[in-house]
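The values are calculated or read from the model by the stated rules, or taken from the named source; none is laboratory data. Bear in mind that the values here come from a model prediction, so they are computed numbers and not experimental data. Cβ placement follows ideal geometry from the backbone for every residue including glycine, while neighbour counts extend to all protein chains displayed. Ligands, DNA and RNA are excluded from the accessible area calculation, which covers all protein heavy atoms including side chains. Shrake-Rupley method; radii C 1.70, N 1.55, O 1.52, S 1.80 Å.
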Amino acid sequence: MRIGLLNNLRAGRSGRQVSRILEVLDDYPEVHHVETDSVRCVPEAFASLASQNPELLILNGGDGTLQYAVTRILCQREFQDLPMVAPMRGGRTNMSAVDLGAHADPAAGLRALLEDARNGQLSRRIAHRPLLRVETLRHPGLNYGFFFGAGMIHRAIALTHELFPPGRSQGAFGAGLVTAGLIARACVNRRDGVLTPDKAQIALDGELVDSGEFSLIIASGLRRLFWRMNPFWGDQKGPVRFTAIASGSRRTGIASLGILRGKPRGFVTPDAGYTSRNVDRAELRTSCGFTVDGEVIEPRDDEVVRISGDERITFIRA
C-alpha cells in the first residue's frame with residue numbers, strides 16, 4: 001500500500017512526541033513522510049505527498065491540519081484517486097481525531113495503524129463520518145471540515161486565544177473553560193460581549209425555519225465534540241447535524257446541560273426557540289463571522305453560507 005504522512009511539527013505536540021513519531025517511521029521505510037515546521041511549508045509538503053498518489057494519507061497534526069488537508073484534497077484534485085485519511089491526535093484540540101477514534105498516544109497509534117496497513121487489515125479501522133461542505137456565495141469561497149460555528153463560536157475562539165498562551169491550553173482544556181464560563185453567563189441571561197446575539201435567516205432543506213437573532217448556530221458531521229459534548233438531538237437521516245438557539249429562548253440555563261448531552265428537556269422545542277435537525281442542506285444569510293474547524297472567516301455584510309454533507313473521503317482510525 002502506498003502511504004503518505006504529513007508531520008506538522010508546529011501543531012502543538014512536544015519535541016519528545018515528535019521524536020517518538022520519527023522513531024516509529026524508521027521501522028516503516030515504505031511510508032513517504034514529510035515534516036513541516038512552518039505554515040508556509042505546508043502547501044509544498046502537501047504537493048510532495050500528492051505526487052506519490054498515496055492510498056492512505058496520515059495526518060500528524062490538529063484540527064487545522066485536517067481541515068486544510070480535506071479542503072485541498074477535494075478542491076484542488078492533485079491526487080489521482082481520493083486517498084483514505086487517518087488523522088492522528090497531534091495538535092491541541094484534536095476534536096475530529098478523537099471522535100474518529102484516534103489513539104491517545106500518537107506514536108503507539110501510528111505503529112498499530114502501519115502494522116494493520118502492512119497486514120491488509122485497514123477495513124476494521126474505517127470510521128464513517130460526513131464532512132461539511134461550507135460554501136460562501138456572495139464572496140465566493142469553499143471550505144471542508146467537521147465543525148461549523150457562527151457568531152458566538154467565532155468570538156469564543158478569539159477569546160480562547162486571547163485568554164490562554166499558545167500551546168496545549170488553547171486546546172480542549174482552554175476551550176472547555178471558556179465554554180463553561182459562557183454557559184454560566186448565559187444562565188444569568190447575559191447577552192453582551194461574546195454572547196451578543198447575531199441576526200440570521202436560516203433555511204433547512206429549503207424550508208425557512210426562522211429569521212431573527214440567535215445565541216448559537218452550529219453544525220457538525222461528528223458524533224461528539226470536545227469534552228464529549230453532543231449538542232444535537234435531531235432524529236432525521238441527513239448528514240448535517242444542525243442546531244440553532246434563538247436569542248431570548250426560554251429557560252436557557254436549565255436547558256443547557258441536557259442540550260450539551262444531546263438529551264434536551266421536554267420544553268426544548270422549536271416553539272421555545274430551540275431547533276436541532278439532521279439535514280441535507282442548511283443555508284444562512286448573516287453578517288456575522290464563522291469558523292470551520294478553527295479556520296476563521298471574518299464577518300461580511302449579508303453573506304450567504306450554504307452547508308451540505310460530503311461523504312467522498314473514507315476516514316481511518318489512527
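Data table
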quantity: Estimated vicinal HN-Hα couplings, Hz - the stretch 205-216 in sequence order (Karplus 6.51, -1.76, 1.60; Gly, Pro = x); calculated: 6, x, 9, 5, 8, 6, 9, x, 10, 10, 8, 8
quantity: E303 long-range amide H proximity, modeled H, under 5 Å; calculated: T286, S287
quantity: Rounded to 10°, Cα long-axis angle of helix 106-118 versus longest principal axis of the chain; calculated: 60
quantity: Carbon and sulfur %, accessible surface of the stretch 191-265 computed with the full protein complex present, 1.4 Å; calculated: 49
quantity: Gaussian network model of the chain, Cα within-10 Å springs - most flexible of D293, D81, D63; calculated: D81
quantity: Full-extension gain in nm, D26 to E298, via 0.36 nm per residue minus C-alpha separation; calculated: 93.7 nm
quantity: Cα gyration tensor, the stretch 215-318 - rounded (a/c under 1.5), prolate or oblate; calculated: oblate
quantity: Solvent exposure, largest accessible area first (probe 1.4 Å, DNA, RNA and ligands not counted), of V209, V85, V18, V98; calculated: V98, V209, V18, V85
quantity: Between 0 and 90°, nearest 10: helix 15-26 axis offset from the chain longest Cα axis; calculated: 50
quantity: In order through the stretch 74-88: 3J(HN,Hα) via Karplus (6.51 cos²θ - 1.76 cosθ + 1.60), integer Hz, x for Gly, Pro; calculated: 7, 9, 9, 6, 6, 8, 4, 10, 5, x, 5, 10, 10, x, 8
quantity: Debye, to nearest 20: dipole size of the stretch 198-310, +1 on Lys, Arg Cβ, -1 on Asp, Glu Cβ; calculated: 800
